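Some notes on the structure that comes next.
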Amino acid sequence: MNKIKQIITGAALPNIPWEEKPEGYRHIVWRYTKNPIIPRDLIPSSNSIFNSAVVPFNGEFAGVFRCDDRRRYMQIHSGRSKDGIRWEIDNESIKFICDDPEIKKFEYAYDPRVCWIEDRYYITWCNGYHGPTIGAGYTYDFKKFYQLENAFLPFNRNGVLFPRRINGKYAMLSRPSDNGHTPFGDIFYSESPDMCHWGKHRHVMSPRGRWESTKIGAGPTPIETTEGWLLIYHGVLTSCNGFQYSMGGAILDINQPWKVLHRAEPFLLTPEELYECVGDTPNVVFPCAALYDAPTGRIAIYYGGADTVTCLAFTQADELINFIKSNSSL
Ligand code: BMA
């Protein structure tokens with residue numbers, strides 16, 4: 001923790017949830033010993049709470065949570081926490097304020113990301129509109145939520161905003177998909193002058209075999225570092241038993257984020273613990289958010305376990321970036 005050089009470009013978060021790497025642990029990302037932090041039934045209405053996004057908020061923490069309810073509707077809920085570990089989640093799902101009845105019509109919402117840009121928290125999620133696409137909205141207080149136009153045409157998933165404008169434009173990663181359990185998927189970059197009209201689509205990266213052989217998708221909001229944008233993403237392997245979701249890492253160019261500078265060949269985390277291997281969908285680690293404390297380089301990653309529970313893992317920015325660079329192949 002005694003870092004000499006600050007690698008992350010951003011704010012301090014001294015109260016970041018944190019646990020030191022266990023003695024003798026060999027890998028770059030380590031799990032919180034009290035995982036899962038959110039059980040499937042934290043709120044009365046939920047079947048499962050996973051693939052969720054959190055941010056620092058007023059000295060504490062807030063977030064948007066994927067709660068599949070006991071009818072198995074996929075919905076997103078608002079939540080708060082003092083320490084980023086113990087969460088209070090609203091039993092009622094978020095009801096977006098929206099003038100346009102066409103956009104407001106709710107089909108389903110899942111896999112939210114939350115991203116502070118300039119003056120508000122933007123939320124992106126997989127939104128049902130004649131198939132899955134990228135829904136977008138914002139909040140100032142995690143009480144009132146406003147819905148914007150869907151960013152893209154169906155079918156698309158894993159819309160992840162960058163935390164600041166790039167070359168004057170809002171910027172988003174996404175993963176065009178199909179209407180089902182998509183057997184393909186590359187990450188693309190798009191930009192927008194107004195969070196409504198998206199274009200200048202650029203290819204970022206493709207699956208490339210092994211643990212990321214079927215499809216990939218951006219995870220948490222990319223973290224700005226002196227080496228480029230640190231991107232944590234998921235990669236999917238198709239085994240004879242179905243999909244297996246692991247976590248990987250890459251570094252994207254700061255001004256042209258569609259250019260991949262480094263990409264680690266080994267995964268960062270793969271389903272190994274019971275709460276990742278057993279659940280509604282076995283063998284899934286699905287990262288959707290990361291908190292960081294810039295001066296110390298501490299990073300806390302929030303991920304879904306087996307489409308059932310929410311978990312926490314930790315890493316250190318300098319070690320992670322060295323690992324990605326020294327194990328990179330493009
Ligand atoms: C994806 C999404 C994720 C889920 C994953 C594994 O297509 O539905 O929400 O975690 O599959 O089932």
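The values are calculated or read from the model by the stated rules, or taken from the named source; none is laboratory data. Predicted, not measured: the structure shown is a model, and the values here were computed from it. No Cβ is skipped: glycine too gets one built from the backbone with ideal geometry, and neighbour counts run over all protein chains shown. For the accessible areas, the whole protein counts, side chains as well, though only heavy atoms, and no ligand, DNA or RNA atoms are used. Shrake-Rupley method; radii C 1.70, N 1.55, O 1.52, S 1.80 Å.
Descriptive notes on the structure:
- Along the axis of the charge dipole computed for region 73-226 (Cβ charges of +1 for Lys and Arg, -1 for Asp and Glu, origin at the Cα centre), the listed residues Leu148, Ala171, Gln75 are led at the positive end by Ala171.
- With contacts taken as Cα pairs under 8 Å at a separation of at least 6 residues, the chain carries a relative contact order of 19 percent.
- Over region 88-212: Rg over Rh, Cα atoms, Kirkwood Rh: 0.97
- Our estimate of slack between Ile85 and Arg210, defined as 0.36 nm per intervening residue step minus the Cα-Cα distance, is 41.7 nm.
- Inverse of mean 1/r across different Cα pairs in the chain, Kirkwood, Å: 19.4 Å
- Under the combined filter of DSSP loop state and at most 16 neighbouring Cβ atoms within 10 Å, region 54-108 retains these trypsin sites (Lys or Arg not before Pro): Arg70, Arg71, Arg72, Lys82, Arg86, Lys95, Lys105.
- Cβ-placed point charges (K, R +1; D, E -1), dipole of the chain about Cα centre in debye, nearest 20: 340 debye
- Spin-label pair Asp99/Tyr73, simplified geometry with 7 Å Cα→Cβ offset, distance in nm: 2.7 nm
- In order through region 186-191: 3J(HN,Hα) via Karplus (6.51 cos²θ - 1.76 cosθ + 1.60), integer Hz, x for Gly, Pro: 10, 8, 10, 10, 9, 10
- Computed from phi, the 3J(HN,Hα) profile of region 54-64 under the Karplus parametrisation 6.51, -1.76, 1.60 (θ = phi - 60°) reads 10, 9, x, 8, 6, x, 10, 9, 9, x, 10 Hz, with x in place of Gly and Pro.
- Inverse of mean 1/r across different Cα pairs in region 278-330, Kirkwood, Å: 12.5 Å
- What the chain shows is 41 Å² of accessible area per residue, with the surface traced by a 1.4 Å probe over protein heavy atoms.
- For region 1-107, alpha-carbon Rg relative to the globular expectation (2.2 N^0.38 Å, N residues): 1.35
- Label-point separation, Glu20 to Asn167 (7 Å along Cα→Cβ), nm: 4.5 nm
- As computed over region 248-303, the Cα convex hull volume per residue (Å³): 122 Å³
- Amide H to amide H, with H built 1.01 Å from N, Leu261 comes under 5 Å of Ile251, Leu252, Asp253, counting only residues 5 or more places away or on other chains.
- Here the gap between Thr33 and Leu274, fully extended at 0.36 nm per residue and compared with their Cα-Cα distance, gives a gain of 85.5 nm.
- Relative contact order [Cα under 8 Å, 6+ residues apart], region 117-257, whole percent: 15 percent
- Theoretical ellipticity at 222 nm over the chain - DSSP helices of four or more residues, -39500 (n - 2.57) apiece, nearest 500: -1000 deg cm²/dmol
- Its convex hull of Cα atoms gives region 123-187 a direction-averaged projected area, equal to a quarter of the hull surface, of 5.1 nm².
- Accessible carbon and sulfur surface of region 213-270 relative to its total accessible area, %, 1.4 Å: 49 percent
- Using all pairs of distinct alpha-carbon atoms, the Kirkwood hydrodynamic radius of region 193-286 works out to 14.4 angstrom.
- Residues of region 216-257 with amide N under 11 Å of the 7 Å Cα→Cβ point at Lys325: 226-228
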